[in-house]
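To start, the structure itself, in structure tokens.
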Amino acid sequence: MEKRDYNLAKELAEQHLIGPKTSQYGTYLSFGDIHIEFSQQGTTLSQVTDYQRQLNISKALATTSYVCKGTRFEREAFASFPDDLLVQCFTKEGLETLDFTIELSLTCDLASNGKYEQEKSDYKECKLDITDSHILMKGRVKDNDLRFASYLAWETDGDIRVWSDRVQISGASYANLFLAAKTDFAQNPASNYRKKLDLEQQVIDLVDTAKEKGYTQLKSRHIEDYQALFQRVQLDLEADVDASTTDDLLKNYKPQEGQALEELFFQYGRYLLISSSRDCPDALPANLQGVWNAVDNPPWNSDYHLNVNLQMNYWPAYVTNLLEAVFPVINYVDDLRVYGRLAAVKYAGIVSQKGEENGWLVHTQATPFGWTAPGWDYYWGWSPAANAWMMQTVYEAYSFYRDQDYLREKIYPMLRETVRFWNAFLHKDQQAQRWVSSPSYSPEHGPISIGNTYDQSLIWQLFHDFIQAAQELGLDEDLLTEVKEKSDLLNPLQITQSGRIREWYEEEEQYFQNEKVEAQHRHASHLVELYPGNLFSYKGQEYIEAARASLNDRGDGGTGWSKANKINLWARLGDGNRAHKLLAEQLKTSTLPNLWCSHPPFQIDGNFGATSGMAEMLLQSHAAYLVPLAALPDAWSTGSVSGLMARGHFEVSMSWEDKKLLQLTILSRSGGDLRVSYPDIEKSVIKMNQEKIKAKCMGKDCISVATAEGDLVQFYF
């Protein structure tokens with residue numbers, strides 16, 4: 001690399017800087033299926049009317065209803081976080097009765113005697129116990145011996161008949177189903193990701209407790225728990241009330257008239273995040289499909305990709321006031337460090353003796369079981385700066401919520417070890433006289449190089465956050481001094497002669513392999529510090545314009561998640577109309593009828609990226625000031641939003657008309673200086689706790705107000 005012999009470097013990298021290609025990598029699978037078959041004797045399709053499926057995202061309730069032979073049938077379902085189980089309620093209104101069979105199955109082949117054919121199965125053991133009160137299923141996975149158990153029970157006024165592999169309920173006016181499912185997985189590398197539990201008894205106890213509470217109480221507890229998170233943020237874009245089905249909303253969507261769909265899409269992203277990432281023991285972060293994988297061989301194994309995808313999953317969490325959703329990914333990154341130290345030894349020569357935390361490494365893909373090796377192809381698998389990018393996601397918890405105890409006890413040890421890795425791994429490039437990541441590879445794009453913009457930018461952000469944290473906590477002076485010196489010589493951003501941000505430091509040199517470059521590649525990795533990072537905030541307008549030119553050069557096409565990424569990038573540039581254009585493109589060309597983002601196929605990060613992008617259009621706080629309506633598009637000329645969170649732990653609500661603020665309300669959750677930038681804000685009427693105050697003018701369009709925890713500051717325009 002030092003000699004710029006990139007052909008030889010690539011050959012060596014393809015031999016040595018790869019991980020094993022193995023069937024032991026694993027796949028995220030659904031637990032199983034509850035198969036329910038209705039038996040309305042003599043019924044034809046023409047006798048079924050008014051069929052409707054609905055997902056109420058304000059309550060997290062799914063319902064299905066229809067009319068058959070004059071009787072209305074309805075079933076309602078929800079996944080309860082507080083009671084840790086799935087619940088379904090079947091009811092009817094009319095003379096006909098509820099008649100159906102229930103079957104609980106895995107992906108293994110169950111025979112009529114409750115056994116299975118092992119050679120055809122992913123499972124080492126699978127046992128099925130069926131009675132007139134329950135179905136119990138338990139077993140072990142073949143590859144890694146993960147134990148599992150599920151317990152399905154019911155209450156009904158109907159007749160019950162037990163068959164060899166299913167249960168029949170007939171003549172009922174109602175039926176409630178309760179399902180609990182558990183594995184012995186533990187988010188703990190020290191225990192080999194296992195915990196000792198009586199799984200069978202645990203799932204039985206969960207269901208028995210639920211039955212004692214009853215359906216009404218379970219539903220009430222579920223809604224109360226969910227809405228405590230979901231209702232924190234409300235968005236009103238003055239959309240006309242539209243009772244159209246979701247597929248019709250998509251089909252008839254027009255960018256200047258589609259506020260109803262856009263509001264729904266924004267909140268749908270929050271619903272998906274709440275429903276796939278909650279803070280509880282051994283919780284895992286949302287993967288490439290969130291938690292919604294229904295196939296045996298999912299795309300990319302439904303794993304964690306750390307070169308944009310897992311990070312994008314959590315972009316909306318902080319700004320849309322969902323801190324609780326972030327703890328699973330923070331804990332996951334913390335645990336990755338254990339096996340990441342093994343990767344650091346093998347691929348970087350950085351050793352941590354027992355009790356030491358000298359550095360950890362992870363690459364493009366990861367699993368719940370500590371996979372930290374590179375992928376099996378260097379082209380996409382080598383990505384050492386993934387640890388730095390994940391730490392940006394982690395550190396934002398402090399940037400937004402200002403919990404210094406959490407910073408000291410949880411975040412800082414992770415931050416320090418990641419910094420130690422890069423402090424040791426960086427190489428001084430004698431030609432360019434800068435500290436570089438080498439070899440480096442811009443995610444899935446271009447040639448092998450030395451110190452590309454992606455790696456250098458993420459390392460700069462890591463060092464920047466560490467410097468802030470170490471100074472605030474008064475820790476690690478020696479390491480802090482080294483990091484400051486190296487940070488000054490990272491030189492992550494360079495501008496080409498044509499006025500773009502370089503993706504590769506040497507891309508204008510004669511020896512650079514331009515044939516490997518795609519002008520409109522789906523990744524925009526060289527702009528990672530425009531969004532979600534903040535390096536560009538410390539650069540002049542020349543760099544902002546170069547970023548704009550780079551983004552124009554990339555174009556507006558791409559996969560679903562790529563469009564979502566560009567929504568955020570254009571919003572960060574303050575171009576609301578261009579961001580809205582990308583949102584419209586995503587809705588028109590990269591969204592499935594149920595509003596899932598299509599890569600294609602389904603990939604959930606595009607949903608989360610769109611939600612964060614819409615929030616970024618409304619509020620920004622990455623620089624020194626809180627900026628309301630930072631990139632408001634013409635299509636949202638009038639509206640209101642409440643409950644967004646800005647860095648510094650400021651909760652923001654506002655209303656606007658004709659693209660101008662009417663009122664801005666900011667609740668200081670932790671105290672501190674509140675700095676706001678908005679045209680003529682120094683002329684606004686400002687009240688704190690209902691009393692008029694004068695703010696400190698920090699220059700044209702910028703003010704500062706000293707706040708204490710709980711202070712409510714209101715601006716009237």
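Charge dipole of the chain (Cα centre as origin; +1 on each Lys and Arg Cβ, -1 on each Asp and Glu Cβ, all else neutral): 680 debye, rounded to the nearest 20. Relative to the current alpha-carbon distance between residue 475 and residue 405, full extension at 0.36 nm per residue lengthens the span by 23.8 nm.
Taking amide H atoms as placed 1.01 Å from N in the peptide plane, the amide H of residue 350 lies under 5 Å from those of 345, each 5 or more residues away in sequence or on another chain. Here Cα Rg over 2.2 N^0.38 Å was computed from the coordinates, and among (1) 1.93; (2) 1.02; (3) 1.78 the match is (2).
For region 174-190, the Karplus equation 6.51 cos²θ - 1.76 cosθ + 1.60, evaluated at θ = phi - 60°, returns couplings of 7, 7, 10, 10, 10, 10, 10, 9, 9, 10, 9, 5, 10, 7, 7, x, 5 Hz by residue, with Gly and Pro reported as x. Between residue 514 and residue 379, the FRET efficiency estimated from the beta carbon spacing at R0 = 22 angstrom works out to 0.85.
Note on the chain: dipole from Cβ charges, positive end direction compared against 193, 8, 590; the farthest Cα belongs to 8. Residues of region 15-45 falling in the label zone of residue 71, defined by backbone nitrogen less than 14 Å from a point 7 Å along Cα to beta-carbon, are 38-44. Listed values for region 657-664 are Karplus-derived 3J(HN,Hα) couplings in whole Hz (6.51 cos²θ - 1.76 cosθ + 1.60, θ = phi - 60°), namely 8, 6, 6, 10, 4, 9, 8, 10, and x replaces Gly and Pro. Modelled spin-label separation between residue 220 and residue 46, with each label point placed 7 Å from Cα along the Cα-to-Cβ direction: 4.7 nm.
With angles folded into 0 to 90 degrees, how steeply does helix 453-473 sit against the dominant principal axis of the chain? Use alpha carbons for both and round to 10. The helix 453-473 is inclined about 90 degrees to the chain.
Look at the dipole of region 304-433 built from charges on Cβ: of 418, 366, 307, the Cα furthest out on the positive end belongs to 418. Using a cutoff of 8 angstrom between alpha carbon atoms and counting only pairs six or more residues apart, the relative contact order for region 366-482 works out to 26 percent. Across region 510-520, computed HN-Hα scalar couplings (Karplus, 6.51 cos²θ - 1.76 cosθ + 1.60, θ = phi - 60°) run 4, 7, 5, 8, 5, 5, 8, 9, 10, 4, 10 Hz from first to last residue, x flagging Gly and Pro. Each of 617, 654 has some number of other Cβ atoms within 10 Å of its Cβ, and from fewest to most they run 654, 617. Measuring r between the beta carbons of residue 701 and residue 234 and using R0 = 41 Å, the FRET efficiency lands at 0.90.
Potential lengthening of the chain between residue 658 and residue 161 amounts to 172.4 nm, from the contour at 0.36 nm per residue minus the alpha-carbon distance. Near residue 591, the amide H atoms lying under 5 Å from its own belong to 598; only residues 5 or more places off or on other chains count, and H is placed 1.01 Å from N. Farthest towards the positive end of the charge dipole of the chain, among the residues 344, 218, 489, is the Cα of 489, using unit charges on the Cβ of Lys, Arg, Asp and Glu. In this label model, residue 144 and residue 59 are separated by 3.8 nm, measuring between points 7 Å along each Cα→Cβ vector. For the chain, the longest principal axis of the alpha carbon atoms and the long axis of helix 199-213 meet at an angle near 70°. In terms of packing, defined here as the mean over residues of other Cβ atoms within 10 angstrom, the peptides 469-476, 554-561, 533-540 line up highest first as 554-561, 533-540, 469-476. Which pairs break 22 Å Cα to Cα here: 660/700; 581/659; 59/660; 428/484; 254/581; 59/213? Checking Cα-Cα distances, 59/660 exceed 22 Å. Compared with the direct C-alpha span, the chain from residue 496 to residue 211 gains 95.9 nm at full extension, assuming 0.36 nm per residue. Using Cβ point charges alone (K and R +1, D and E -1), the dipole size of region 31-230 about the Cα centre works out to roughly 360 debye.
Helix 605-618 axis versus longest C-alpha principal axis of the chain: approximately 60°, rounded to the nearest ten.
Taking the helices alone, the chain has a mean residue ellipticity at 222 nm of -9500 deg cm²/dmol, built from -39,500 (n - 2.57) per DSSP H run of at least 4 residues and averaged over all its residues. For residue 681, the shell of other residues with beta-carbons less than 10 Å away shows a net charge of -1, using +1 for Lys and Arg and -1 for Asp and Glu. Charged side chains reduced to their Cβ positions (Lys and Arg at +1, Asp and Glu at -1) give region 362-441 a dipole of some 220 debye around its Cα centre. Here each label is just a point 7 Å from Cα along the line to Cβ, and for residue 338 and residue 556 those points are 4.9 nm apart.
Values quoted throughout were computed directly from the atomic coordinates according to the rules given, and no laboratory measurement underlies them. Predicted model, so just to flag it, every value in this text is computed and none were measured. We place every Cβ from the backbone using ideal geometry, glycine too, and count neighbours over all the protein chains shown.
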